[in-house]
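Comments concern the structure below.
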Amino acid sequence: FKKLLPSLGHVRTLILNGIGEPLLHPNLEEIIALARTQLPASGVIGLQSNGFLLDEHRAQRLIQAGLGTICLSLDSMKSSVSVPHQPDEHAFAAVSKAVRHLQTAISQAAGNCRIGLEMVLTHETVAELPDLIKWAAENEVDYVIATHLFLYGGTTEAASLFNPNSSDAVALFNTYSKKASLQGLKLDSYL
């Protein structure tokens, strides 16, 4: 990361995550602080988290380091979810605590960090979106992102609210899926 620092002088937004939990990195605050020294004053450093590891001390360190935005992801407005392979991984209870810790840290440090929420919409969660938006407004959350389900890691297509494929692509898949079936292959078991 230190080798990247000279290239950050004109970066407007630096997001420090991909698929995974950035709060697991033991030097995250150091990385944010280093980036803050190189980004323009208006540059924003952000990350996305499930909030589980965000206690009051970690929130303070992140804000003091120069975090400019954090998006907390959750699976459901319920206090826990029943996703078999990820029990409670993106639970509302953890996110609501994280929001409180961040707001306290921001006010204590007179910081300027935006807090957001992200919920993946499925057939099971789409009805919760109005409650999420209402909760976010009542708790002074800055933004809400609603996304669709990316099908990977054993996720069933039935849970997906949207089909990202065109009707032509679906028709093509169905045609070749039938041909593959005659050869003993199931194309829908491959990503």
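The values are calculated or read from the model by the stated rules, or taken from the named source; none is laboratory data. Only a predicted model underlies this, so the values are computations on that prediction, with no experimental measurement involved. All Cβ positions, even for glycine, are placed from backbone atoms using ideal geometry, and neighbour counts span all protein chains on display. Surface accessibility is based on the protein's heavy atoms, side chains included, excluding ligands, DNA and RNA. Shrake-Rupley method; radii C 1.70, N 1.55, O 1.52, S 1.80 Å.
Of all the listed residues (L67, L72), the sole one being modelled with pLDDT of 95 or more and under 30 Å from A127 (Cβ atoms) is L72.
To keep it simple, each residue is scored yes or no on (1) open to solvent by less than 50 Å² (accessible area, probe 1.4 Å); (2) modelled with pLDDT of 65 or more; (3) assigned to a loop (DSSP other than H, G, I, E, B); (4) hydroxyl-bearing (S, T, Y).
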{"residue": "S79", "(1), (2), (3), (4)": "no, no, yes, yes"}
{"residue": "A93", "(1), (2), (3), (4)": "yes, yes, no, no"}
{"residue": "L102", "(1), (2), (3), (4)": "yes, yes, no, no"}
{"residue": "G111", "(1), (2), (3), (4)": "yes, yes, yes, no"}
{"residue": "I115", "(1), (2), (3), (4)": "yes, yes, no, no"}
{"residue": "A127", "(1), (2), (3), (4)": "no, yes, no, no"}
{"residue": "D131", "(1), (2), (3), (4)": "no, yes, no, no"}
{"residue": "L151", "(1), (2), (3), (4)": "no, no, yes, no"}
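When we screen A146, A169, A180, A158 for residues that are modelled with pLDDT of 75 or more and either exposed (fewer than 11 other Cβ atoms within 10 Å of the Cβ) or closer than 18 Å to L72 by Cα (or both), the only hit is A146.
Among the residues making up segment 1-57, those that are among the β-branched types (V, I, T), open to solvent by less than 80 Å² (accessible area, probe 1.4 Å) and in contact with a strand residue (DSSP E or B) (Cβ under 7 Å, 6 or more places away or on another chain) are I32, V44, I45.
Within segment 1-52, how many residues are outside any helix (DSSP H, G or I) and of a type in the set (S, T, Y)? Result for segment 1-52: 3.
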